[in-house]
Amino acid sequence: MHRRHLMTGATALAICLGTLAAAQSLPPLEQKERYKVGFAQMESNNPWRIAETKSFQDTAASCGWDLIATDAAGSAAKQVADVDSMIAQGIDVLFLPPREEKPLIPAVKKARAAGIPTFLVDRSVDPDAAKPGEDYVAFLGSDFIDQGRRVAEWVIENFDGDKGIIVELEGTTGSSPANDRKQGFDERIVQDDRFEIVASQTGDFARDLGRQVMETLLQAHPDVNIVYAHNDEMAIGAIQALELAGRSPGEDVLVVSIDGTRDALQAIIDGKMGVTVESSPFFGPLGCEVMKRYAAGEEIEPWVQVKDRIFTAENAADHIDEAY
Ligand code: GYE
């Protein structure tokens, strides 16, 4: 009966060696005054991305970073090439927000093979293909499933109609926030049978595409009264499309999303948007802190989780000055 709990010396040794190998498999980082640091941004077509890049630039001087920042202009292939060129330039550390979950895996593995500790920031990669503590040090970012769930819970509490007809605008296909924000929202909202998601389509996290997709979906589903966008930029695009079609966001259609941009907080103050769950772009200071802990030999938790606030009509005005 107790055999399951018995471990032979050989098994124990194998486990020890295994743990040691895993611990050793991450490249070490020397403690020094200055670091050559790569930040491979995926695109700069929205305020969130611009705020994130600026956060790294603003942190550089105080953290001793000689920063190389690139912009992949919305192409995962270019982002992989940008990481290649950073490796060739001999960076000490890589901060990488992988645009999509799978295409950036080779970049993560290449940096690992070159002995460069990598921190994934704001988005993650496919956990079956690359792992924190082995292929990269850690993921620094939000709980996207929880963000989607919190939006759904806010809708369930605040929607005052009989039947909620929902259009969902998804983020970039194959990206971790799009996958998880969909899962978190969809799973929670179907628990209340007042709600139905009649369409769910990607707007690539972009304002203009969000507007275009909303225009098309409005024609197919004129009875929509809730729009859930995976980020604020698409929510603002959707508001434009709704207004152009003669609808009144905030009155005959509830618009909800995620991020906490200045335009979204203003839309909440103006009564056009209901809620945005925060997803902070300010990763520079956190990146610095975690990198220094790693260089000091500390074991870094696989997921350095960012805690998110929620912005509604009750507090949007208090936070608009700190928004981006
Ligand atoms: O919500 C969005 C951006 O990856 C968490 O990407 C980030 C998301 C953010 O383009 O606005």
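Given the pairs Lys54/Lys307; Lys102/Lys272; Lys78/Lys272, which are separated by over 32 angstrom at their Cα positions?
Pairs exceeding the cut-off: Lys102/Lys272; Lys78/Lys272.
Taking the C-alpha atoms only, the angle from helix 144-158 to the longest principal axis of the chain is near 20 degrees. Compute the distance from the alpha-carbon center of segment 88-141 to that of segment 202-221, in whole Å. Here the two parts' Cα centres lie 32 Å apart. Taking the Cα centre of the chain as origin and assigning +1 to Lys and Arg Cβ atoms and -1 to Asp and Glu Cβ atoms, the resulting dipole is close to 1360 debye.
Placing unit charges on C-beta atoms (Lys and Arg positive, Asp and Glu negative, everything else neutral), compute the dipole magnitude of segment 27-79 about its Cα centre in debye, rounded to 20.
Numbers: 6 positive and 7 negative charges, 13 e Å.
The dipole magnitude comes to about 60 debye.
Could you tell me whether the chain comes out rounded, prolate or oblate from its Cα gyration tensor? Rule is a ≥ b ≥ c as square roots of the eigenvalues, rounded for a/c under 1.5, then prolate if a/b exceeds b/c, otherwise oblate.
Since a/c reaches 1.5 and a/b is larger than b/c, the shape of the chain is classed as prolate.
Share of pairwise Cα-Cα distances greater than 14 Å in segment 147-212 is 58 percent (whole percent). Principal-axis analysis of the Cα atoms of the chain puts helix 232-244 at an angle of about 20° to the longest axis. Oblate is the label for segment 176-222, because a/c, from the alpha-carbon gyration tensor with a ≥ b ≥ c as root eigenvalues, is 1.5 or above and a/b does not exceed b/c. Dimensions of segment 144-279 from C-alpha coordinates, computed as largest minus smallest value along each principal axis and given longest first, are 33, 31, 29 Å.
Adding -39500 (n - 2.57) for every DSSP H run of four residues or longer, then dividing by how many residues the chain holds, sets the calculated 222 nm ellipticity at -13000 deg cm²/dmol.
Tell me the angle of helix 207-220 to the major Cα principal axis of the chain, expressed in degrees between 0 and 90 and rounded to the nearest ten. That works out to roughly 50 degrees. Toward the positive end of the charge dipole of the chain, with +1 on the Cβ of Lys and Arg and -1 on the Cβ of Asp and Glu, the farthest Cα among Val198, Ala229, Val125 is that of Val125. Bridging of Lys32 to aspartates and glutamates at a Cα separation below 12 Å is possible for Asp92, once same-chain residues fewer than 8 apart are set aside.
Coordinate-derived values only; no laboratory data. This structure is a prediction, so every number in the text was calculated from the model and none was measured. For neighbour counting, all protein chains shown are included, and Cβ atoms are generated from backbone atoms with ideal geometry for every residue, glycine included.
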